[in-house]
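See below for the structure under consideration.
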Amino acid sequence: MAKILVVEDNSQMLASIKKCLEMEHHVVQVCESGSDAAFQLNHFDFDLIVLDWVLPDTTGIDVLRTYRATGGRLPVLMLTGQSTIEQKEVGLDSGADDYLVKPFDARELAARVRALLRRPGSVIPDNAIVEGDIILEPRSRTVSRRGAAVNLLPKELQLLEFFMRHSNEVLSIPVLLSHVWPDESDSTEEALRSTLKRLRRKLDPDAEYIQNIHGAGYVFKHRPDS
């Protein structure tokens, strides 16, 4: 089962696609405009996008280009009523992973979706901790940001995991030390600051995911501007 965003402005076609994907046991979120698609992608997590070329306020190509330019890495199935090689070339060059020409059979749509979801890294593991564009997988002890691996030392990873499990909570220095450095001789504020400095640099020195709250501690915000 996957969570799929379907962007299509034809209500009849939208209902048909939604029904087809739900019969495959997927969770389906629908929208009918490029602006709504951008909102959905900025605020919610999905496993795959089904994107129509023609939208009322923009084009699917523009939505796709913006999404890829901002680091979006989900598989995208582009829909269009045109079958020219030139248009397919534009779609694929803009970042689409596959292309389906209307009208199409529901079985082909389902098969294309299954194929895209089988690609490595397409579906986020159930145990993963996801905050914005950062994914931490506790079992494999791996971290990625916008699809790119982030190589962390053990303490850096432990600290990030604790922050992500308590996103938007102000965590005091004693709380951080007691959970990340329990009963250890190097459980000091200096050790915490040093680990924080490295972690911030590895995630993105300009993003400010981990913010200092003067006199209170630190807070992790998966959307630094929120």
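Residue-level analysis places residue 66 outside the set of residues that are over 27 Å from residue 129 (Cα atoms) and of a type in the set (Val, Ile, Thr). Close Cβ contacts (under 7 Å, 6 or more residues apart or on different chains) running from residues in segment 9-23 that are assigned by TED's automatic domain parsing to the domain that holds residue 103 to residues that are assigned to a helix (DSSP H, G or I) and not aromatic (Phe, Trp, Tyr) comprise 17/109; 20/106; 20/109; 20/110; 21/113.
Please work out which residue is farthest from the chain's Cα centre (by Cα), limiting yourself to segment 67-89 and to residues that are buried (at least 17 other Cβ atoms within 10 Å of the Cβ) and closer than 25 Å to residue 146 by Cα. Looking at residues that are buried (at least 17 other Cβ atoms within 10 Å of the Cβ) and closer than 25 Å to residue 146 by Cα, I get 79. If the condition is being at pLDDT below 90 and in contact with a strand residue (DSSP E or B) (Cβ under 6 Å, 6 or more places away or on another chain), then segment 46-70 contributes 46, 47. When you look at residue 130, is it at pLDDT 80 or above, under 25 Å from residue 42 (Cα atoms), touching an Asp or Glu at 6+ places or on another chain (Cβ under 9 Å) and not in a helix (DSSP H, G or I), yes or no? So residue 130 fits the description; yes.
Residues of segment 71-86 that are at pLDDT below 80 and either of a type outside the set (Val, Ile, Thr) or assigned to a strand (DSSP E or B) (or both): 71, 82, 83, 86.
Just to be sure, is residue 29 touching a Cys at 6+ places or on another chain (Cβ under 7 Å) and closer than 28 Å to residue 128 by Cα? For residue 29, the condition - touching a Cys at 6+ places or on another chain (Cβ under 7 Å) and closer than 28 Å to residue 128 by Cα - is not met. State whether the residues of segment 157-167 include one that is of a type in the set (S, T, N, Q), touching a Phe, Trp or Tyr at 6+ places or on another chain (Cβ under 7 Å) and closer than 27 Å to residue 47 by Cα. Taking every residue of segment 157-167 in turn, at least one turns out to be of a type in the set (S, T, N, Q), touching a Phe, Trp or Tyr at 6+ places or on another chain (Cβ under 7 Å) and closer than 27 Å to residue 47 by Cα.
Here is a yes/no grid of residues against (1) under 19 Å from residue 72 (Cα atoms); (2) out of contact with any Gly (no Cβ under 7 Å at 6 or more places or on another chain); (3) assigned by TED's automatic domain parsing to the domain that holds residue 45:
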position: 133; (1), (2), (3): yes, no, no
position: 140; (1), (2), (3): no, yes, no
position: 145; (1), (2), (3): yes, yes, no
position: 149; (1), (2), (3): yes, yes, no
position: 156; (1), (2), (3): no, yes, no
position: 167; (1), (2), (3): no, yes, no
position: 178; (1), (2), (3): no, yes, no
position: 191; (1), (2), (3): no, yes, no
position: 198; (1), (2), (3): no, yes, no
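The values are calculated or read from the model by the stated rules, or taken from the named source; none is laboratory data. Because the structure is predicted, anything quoted here is derived from the model rather than measured. Positions of Cβ are backbone-derived with ideal geometry, glycine not excepted, and every protein chain shown enters the neighbour counts.
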